[in-house]
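Chemist: Pasting a structure below so you can have a look.
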Amino acid sequence: MILPTGPIMKEDIESLIRNGIRESRHIDYKSQLPKLDNKNKAEFLADVASFANAVGGYLLYGVIERGGVPKEAV
């Protein structure tokens with residue numbers, strides 16, 4: 001699957017799940033937004049920085065994954 005160049009739409013998420021597109025250098029699935037404590041803020045910023053310092057990518061919140069494979073959108 002080629003990642004969209006614009007906003008991610010519901011159909012894009014459904015396609016990632018249907019096709020079992022694993023987490024990679026370009027995609028990271030998160031089931032929920034982090035809590036606003038220092039530990040979670042630091043992890044969030046590390047995730048964002050890793051994409052920013054590489055080739056870019058998507059942090060997709062609201063997607064449950066198992067073993068790096070998306071299973072469900074919540």
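Chemist: What's the longest bit of the chain with no exposed trypsin sites (Lys or Arg not before Pro), using DSSP loop states and at most 15 other Cβ atoms within 10 Å as the test?
Modeler: It works out to 36-74.
Chemist: Follow-up. Amide H of GLU65 versus every other amide H placed in the peptide plane: which residues, excluding those fewer than 5 positions away on the same chain, fall under 5 Å?
Modeler: Placed amide hydrogens put LYS71 under 5 Å from GLU65.
Chemist: Hey, another quick one. Sum -39500 (n - 2.57) across every DSSP H segment of at least 4 residues in the chain, then divide by the residue count to get the 222 nm mean residue ellipticity, nearest 500.
Modeler: It lands at -10000 deg cm²/dmol.
Chemist: Between TYR58 and SER24, with labels modelled 7 Å along Cα→Cβ, what's the label distance in nm to one decimal, could you check?
Modeler: 1.2
Chemist: Placing +1 at every Lys and Arg Cβ and -1 at every Asp and Glu Cβ, with all other atoms neutral, what dipole size does the chain have around its Cα centre, in debye to the nearest 20?
Modeler: 120
Chemist: Could you give me the percent of Cα pairs per 5 Å distance bin for the chain, shortest bin first, beginning at zero and ending with the bin that holds the maximum distance?
Modeler: Values per bin, smallest distances first: 3, 15, 26, 25, 19, 9, 2, 0.
Each reported figure results from applying straightforward, stated rules to the coordinates on display, with no laboratory input. Given the structure is predicted, the values throughout are model-derived calculations rather than measurements. Using ideal geometry, Cβ is built from the backbone for each residue, glycine included, and neighbour counts are taken over all protein chains shown.
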